[in-house]
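Have a look at the structure below, then the notes.
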Amino acid sequence: MRGLGSRRFGGVSHADLQEEEPSQSSSTSESTHDQDAEEENRCFGTFQGTIVGLRYYTGTVNRGEMVALVRQPQNPYDRNAVMVANVYGSQVGHIKKELAAALAFIMDRNLARVEGVVPYGKTNSFTMTVTLTFWGREENQEAVHSQMKNHGYKLNAVKGSSSAASWDRYGGAGSSSEICPVILTQEELKNAFDKLFDDLLEDRTREMEAAEAVRTPLLLHQKQALYWMTSRENSSDLPPFWEQRSGLYFNVLTNFGARESPESVLGGILADDMGLGKTLTTIALILSNFHNGKPLPVKYEGGASESRPSTSSTAHPAQKGASRRKEDSPKPLQTLKRSNKEYVQTAALEEEDDDVVIVSETHADQRPTASQPKRASRRKEDSQKPLQSSTLKRSHKESDRTAASEDDDDVVVVSETRADQKPTASQPKRQTVKLHDVDFGSSLDSSRSASAKSRMKKGSGQTVKLHDVDFGSALDSSGSSLDSSKSASTKSQVKKGSGTSKKSPRPTLIICPLSVLTNWMDQFEQHLREDVQLNLYLFYGPDRCRQASFLSEQDVVLTTYNVLTSEYGKNSVLQKVLWLRVVLDEGHIIRNPDALQSKAVLSLNAERRWILSGTPIQNSVKDVWMLMCFLRLKPFAVREWWMRVIQRPVMMGNKEGLKNLQALLKVLTMRRTKLSKANGRPILQLPEKKVFLQKVVLSKEERERYELEKAEGRRIISRYMADGTVLRNYADVLAILVRLRLLCCHCDLVGKLTETAGTADSSSPAELRERLISKIRLVLSSGVDEECAVCLDSLRQPVITHCAHVFCKPCICEVIQSKQLAAKCPLCRANIKSTELLEYPGDEEDSRPTDRKDQWRSSSKVEALMTVLLKLRSEDPTIKSLVVSQFTKFLNILEVPLRESKFSFTRLDGTMNQKARARAVSELQDPSPGSPTVMLLSLKAGGVGLNLTYGAGA
DNA sequence: ACCGCCGGGTGCC
DNA sequence: ACCGCCGGGTGCC
């Protein structure tokens, strides 16, 4: 569906992604994003057309500026209408109707992509010339020419370098002056990127110390990253490709000019290799750069500190980064003075374990009398939920006046102590809630809810606004357009919304894959000074608090992509809160714009946005678009402009295009590899990696079984090959390969061959169902990390289609819904219906090998492993080992001999909840004698981001 | 639009 | 005059 975007660019926008508004064009298309760029690259010619009706619209264009042509089939005056919009999405006018009649035919049938450039700018207030260029597949050229001819128009041929060069002058989005485009290979692209980042390191050498709340000293390259990130967040620089020219803000790629400055991109991409400390750097950023380059005002246990770094703001490196900010005037110290403080305490929560003390404080100039103790937060703490904290015990009333933001507001601090603390608790729990509220004078509670309400109201008002604006303006739906007065009012409303409480947003939202959730919590614990009281809320689990007011008061809210996605569309509280910053860990996982999680992420409101990713460009340039969308870099949040200005030129080998892409990434990205150097020295000194490859010879019996299955598998696959049905039977093919790999581990891991490799066609519905269920079970229960082809992430609520392909249920349902009866399987193009989806019934808990010890038997691989483990233990009884397998059932088998040999071990696999995972990791890391020395680790659950350091290195 | 088009007013030079 | 011409009203799709 979105493949059509380039032809009806208005349909693809934030509005489309966020609000899920039905697009104006109701047509659907099979084409994918890729095809746009790779196949429609022939220029059919150009034509001088006319834009009319300028005086009815506010959108303006400059000389040489690109415009978008958008079909308006629903236009009541002319169903052939073609609307013209500028880069910000403001309508400029319409294509004259006679020409529109010709274009509509071409555009509706995708015979050509029509791009417009305004060569002269506004010469009168009624009409305007536009140079149209037609691009498309070769086989459609004739049809386009004849259609134009039928309407009395003749395309000007584009031949030779002269016209190409003139096209380039209009914005350089077309072909380069070379007639033959050079297609860069993936490899060349990657090299170009790597070279780019190498060059970058030379001018990214400035450092910044972390705030004192950060305990772990930063390595040099981390200080450099911190400086860079801080300066990006405090930047008032124009976004890439924007320049200020004679009082106007000007986009050099599209030639779009605007009177007001486009918003700076506050954030970017931290693309360091794994292991360089992206997490620590991010934690340091959160603590070190709150507003105006000041540290996050955290409290310190014992009340000894008042967030000291802010008192030395002039000396703090953060200030250098912040100095470009307009309103950069560090608040004088006296605003920090504590006067007329008033502490109120209330034990509020009834939960046996969770006494709450509200400590509030008033300002000198406030009515000091009326502060009423109220229950601040009704968070019902599930004792299972590991609530992160870096402190264990705290006194009842300690409250620090902290410099919170430019507004010097009052800060109400609501904190809580626990009555019965277990000093030894491995999971210290704590609830510290800081309320920011201006007028808490009368009743804390009522003012709070009033303020929260007004904030919420403002928020939804903004949404309504976006729905209401006309189509042209809706193209710019980031809610921050600078162009039209309508958008300007939206913008001011946003400002107001967050300013109702005269507070800038406080919390940072971190979104990460489930597998690294504990890692984040551990790292907060590990890297913060012990006495720092950070309000970190884990937004996870069934009892998570969904109160916007509560979340707004946190310093950090940590959640997963799955939680975010599952709340998306249900009026999620995460979308209501205005975040100070949103951090996407493993941010490349939003690279599929059709995936729900991508849409959910784009819908978040934040001042600053960061993408953490070891591999920001996984496959190609295409991956970058979603990142730019997330960062809200104008004008690329609208796919049309990204395609036209960056992606298509790059894919066609246009040097200018690649240069532009590089310039873009250069500004927004920091990337170091393990081999990178900081100030001439390697940034990382890891012990040398040693790989020992031990080949295990199968026993005779195992080998026979293996060969048998191999022959059978070969037979089945070659039959599919002969029939040309390999794709259709991919599940079977996968099954065969998985079976062979399982056999290499242990024969008991696979059942009889006939069970899974069922015959393909003709069976009763019941048989079909049976077969599909067994397939999905095989795909899922093997422990292989199977991806959903729609969202490219691990399967969530897996379902299997009648064509035997497995997807996340929400993903495939969305596909079906968008295509209705025409829905086809994304993998094999077979027709699919939502009624035919079969859900995964769950693992049949058949005889786990461990359950039947009597029947347990070993295998060659098990023996080999045990030999190694025993040898290691005899050399060093405390040595710790990780045993990794893709197959959780194999881990089951391994438990038996491990127990037999009296190994103490832990286990981490995908079935374990967060708490269990955390316990498994911490147990393994326990250095005391008798602690586990082996961890059984499933590759899927532990493959990404698990921080399993042990010993000195930590 | 410093146009084109429409339709009413008008009618030798 | 069932014309031509004049000049005011008007104007995207």
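Once you have the Cα-Cα distance between A:Val726 and A:Lys659, take 0.36 nm times their residue separation minus that, and quote the gain in nm to one decimal.
Values: separation 67, 0.36 × 67 = 24.12 nm, distance 4.13 nm.
Gain on extension, A:Val726 to A:Lys659, equals 20.0 nm.
Kindly write out, for the range A:70-86 in residue order, the coupling ³J(HN,Hα) from the Karplus curve 6.51 cos²θ - 1.76 cosθ + 1.60 (θ = phi - 60°), rounded to whole Hz, with x marking Gly and Pro.
After applying 6.51 cos²θ - 1.76 cosθ + 1.60, I find 10, 5, 10, x, 8, 4, x, 8, 7, 6, 8, 4, 10, 8, 10, 10, 8 Hz.
Once fully extended, how much extra length lies between A:Gln820 and A:Lys871, figured as 0.36 nm per residue of separation less the alpha-carbon to alpha-carbon distance?
Numbers: separation 51, 0.36 × 51 = 18.36 nm, distance 6.09 nm.
Between A:Gln820 and A:Lys871, full extension yields 12.3 nm more.
In whole angstrom, how far apart do the alpha carbon centroids of the range A:875-906 and the range A:85-137 sit?
67
What is the distance in Å between the Cα centroid of the range A:635-699 and that of the range A:804-843?
For the range A:635-699 versus the range A:804-843, the Cα centre distance is 34 Å.
Compute the distance in nm between two label points, each set 7 Å from the Cα along the Cα-to-Cβ direction, one at A:Arg137 and one at A:Lys902.
7.1
Order A:545-553, A:590-598, A:147-155 from most to least packed using the mean count of other Cβ atoms within 10 Å.
Numbers: A:545-553: 20.9, A:590-598: 22.4, A:147-155: 15.0.
Descending mean neighbour count gives A:590-598, A:545-553, A:147-155.
If we sort A:627-640, A:661-674, A:713-726 on the protection proxy, mean other Cβ atoms within 10 Å, highest first, what's the order?
Details: A:627-640: 24.9, A:661-674: 20.2, A:713-726: 13.4.
Per-residue Cβ counts within 10 Å, averaged per peptide and sorted highest first, yield A:627-640, A:661-674, A:713-726.
5 Å is the cut-off here: which amide hydrogens, built 1.01 Å from N in the peptide plane, fall below it relative to A:Ala678, excluding neighbours closer than 5 in sequence?
Distant-sequence amide H within range of A:Ala678: A:Ile683.
Convert 25 °C to kelvin, take the viscosity as 0.890 mPa s, use the Kirkwood radius over C-alpha pairs of the range A:559-714 as Rh, and evaluate the Stokes-Einstein diffusion coefficient in µm²/s, rounded to a whole number.
On the way: Rh = 19.4 Å.
Here the translational diffusion coefficient equals 126 µm²/s.
Starting at the first residue of the range A:209-214, write each ³J(HN,Hα) from the Karplus equation 6.51 cos²θ - 1.76 cosθ + 1.60 with θ = phi - 60°, in whole Hz, x for Gly and Pro.
Rounded to whole hertz, the list is 7, 6, 4, 5, 5, 7.
Check A:Thr560: other-chain or 5+ apart residues with amide H under 5 Å from its amide H, H built from backbone geometry?
A:Cys512
If amide hydrogens are placed 1.01 Å from N in the peptide plane, which non-local residues have theirs closer than 5 Å to the one on A:Val130?
Sorted by chain and number, the residues that satisfy this are A:Gly49, A:Thr50, A:Ile51.
Mind ranking A:Val583, A:Val733 by accessible surface for me, highest first, 1.4 Å probe? Kindly include the intermediate steps, with their values, before the conclusion.
Values: A:Val583 0, A:Val733 25 Å².
Greatest to least solvent exposure: A:Val733, A:Val583.
If R₀ is 22 angstrom, what is the calculated FRET efficiency for the pair A:Thr878 and A:Gln694, using the beta carbon separation as r and rounding to 0.05? Intermediate results must be reported in sequence, preceding the final value.
Details: r = 23 Å, r/R0 = 1.04.
Efficiency, from the Cβ-Cβ distance: 0.45.
The values are calculated or read from the model by the stated rules, or taken from the named source; none is laboratory data. Bear in mind the structure is a predicted one, so any value in this text is a computation, not a measurement. Glycine gets a Cβ as well: all are built from the backbone with ideal geometry, and neighbour counts include every protein chain shown. When the accessible area is computed, the model is the full protein with side chains, heavy atoms only, and any ligands, DNA or RNA have been set aside. Shrake-Rupley method; radii C 1.70, N 1.55, O 1.52, S 1.80 Å.
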